[in-house]
1. Would you mind giving the mean number of other chain beta-carbons within 10 Å of the Cβ of each residue in B:64-71, as a whole number?
2. Report, to the nearest 10°, how far helix A:34-48 tilts away from the longest principal axis of the Cα atoms in chain A, using its own Cα long axis and a range of 0 to 90°.
3. GNM, chain A, Cα, under 10 Å: largest mean-square fluctuation among A:Asp43, A:Asp149, A:Asp206?
4. With springs only between Cα atoms under 10 Å, which of B:Val166, B:Val56, B:Val180 fluctuates most in a Gaussian network model of chain B?
5. Size of the dipole of chain A about the Cα centre, Lys and Arg at +1 and Asp and Glu at -1 on the beta carbon, nothing else charged, in debye to 20?
6. What angle do you read, to the nearest 10 degrees and between 0 and 90, between the alpha-carbon axis of helix B:5-38 and the longest principal axis of chain B?
7. Distance between the C-alpha centers of the range A:151-213 and the range A:47-120? Whole Å please.
8. Give, as a single signed number, the net charge of other residues whose beta carbon lies under 14 Å from the beta carbon of A:Gln165, with Lys and Arg counted +1 and Asp and Glu -1.
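Since every read-out is calculated from the coordinates, none of them should be taken as a lab result. The shown structure was predicted, so the numbers you read here are calculated from the model rather than taken from an experiment. We place every Cβ from the backbone using ideal geometry, glycine too, and count neighbours over all the protein chains shown.
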Amino acid sequence: MRLTRFAPLLLIPFLTIGAVQAAEVQVAVAANFTAPIQAIATDFEKDTGHKLVAAYGATGQFYTQIKNGAPFEVFLAADDTTPAKLESEGDTVKGSRFTYAVGTLALWSAKDGYVDNQGQVLKHNDFQHLSIANPKAAPYGLAATQVLDKLGLTTQVKSKLVEGQNITQAYQFVSTGNAELGFVALSQVYKDGKVTGGSAWIVPADLHDPIKQDAVILTKGRDNPAAVALVDYLKGPKAAAIIQAYGYQR
Amino acid sequence: MPLTSADYAAIWLTLKLASLTTVILLIIGTPIALWLSRTRSWLRGPVGAVVALPLVLPPTVIGFYLLLALGPNGWIGQITQALGLGTLTFSFTGLVIGSVIYSMPFVVQPLQNAFAAIGSRPLEVAATLRAGPWDTFFSVILPLARPGFVTAAILGFAHTVGEFGVVLMIGGNIPEKTRVVSVQIYDHVEALEYAQAHWLAAAMLVFSFLVLLALYSSRRTRAGWS
């Protein structure tokens, strides 16, 4: 065939990248940050020419995988303790750790008008199932239990709690209607300054410890220019705008 | 043993789930297997394929469809709500339904093979002696297919004990209701409690080995007898 005619097209990727050496960066991303990192990746790849390959999951699970040789180069965790632990164990590039986002917790229902903007629905206790993420493994789950404690509702809702293994599953239980409401990451139900569907109470930050989400360059990413570029990009204004649009604080 | 009370609760729940599932599967699996082993209907292929589906489908697929079907907007959920039972996700009953589907081929297939191995001759002899269908079943088929029942029960039980994905997706991790051993181990690993994960995981490994050892040893003995 006349494939040779298209041969010049193959050069396009190299031309657009210009002087920068294109590289690929493997990133482990906390499940709650799925939507924002996808938006950021598009801009990042366009602006730098590097390629971002993301895996999504629970922070505790990533820790185990990283300790056992997973090929991740950058880790965007859902908390600040796991990256700090990896740092103290010598699995990261020293000095690369920083807080890329502070998470916001939301009480959410897939039904319109079900959750009021004061969270009174919790006190009325007129539901079968309240979904949260596993508090032992997921920071948003831990924050949810702190909120219930602070509101004095822990005993009242104890028998109604259902746990997702991570925040994605906690969201799934609510979005499929199996649980009437649940504590999710605001980023899962929020875009461009408003809730995308159903009804939600944005939980005041003083009801739980701050959900500081830290990022770190892992030892495997030490010599990868794309890893450094990604961390720089996350600190920059373009990423900040996207991160805030999804309801995180900076 | 350094197991916590939550670990023991998970073990007890798992045994309860596996036992109940096995009993239900033997009851509904026997007529299905009997029919599959005897029929000449064109439906034999499709039914056999449906029964075998859980062998190849990832548990996430079964779990996902169960989550939708059992939920308040799903067709099973609509029925259970109309019957005043509420929805079955996050309940022990829901797990039993999931496990019955998930472990179905492990019970039906050994039974089907055992029934097929009997052949038609003993049944014809029974018929000439004027044995009714129930008499034939209890006096001829059941004793001859006994090894098949043993294999089916052991495999159905063991496979349910090893269930993880389906429970994870429809269970909601509720202590004493849906938190089975496999999920409890996953929890320990997620929370970086490796020591506790090790104890439970090791117990599971030993248990599974003993079950399979019993199964394969009994098979060899039977072969020696026949």
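1. Average per residue, whole number: 2.
2. 20 degrees
3. A:Asp206
4. So, out of B:Val166, B:Val56, B:Val180, the one fluctuating most is B:Val56.
5. Value, rounded to 20: 400 debye.
6. Taking the Cα atoms of chain B, the angle to B:5-38 is about 30 degrees.
7. If you average the Cα positions of each part, the centres end up 17 Å apart.
8. Within the 14 Å Cβ shell, the charges total -1.
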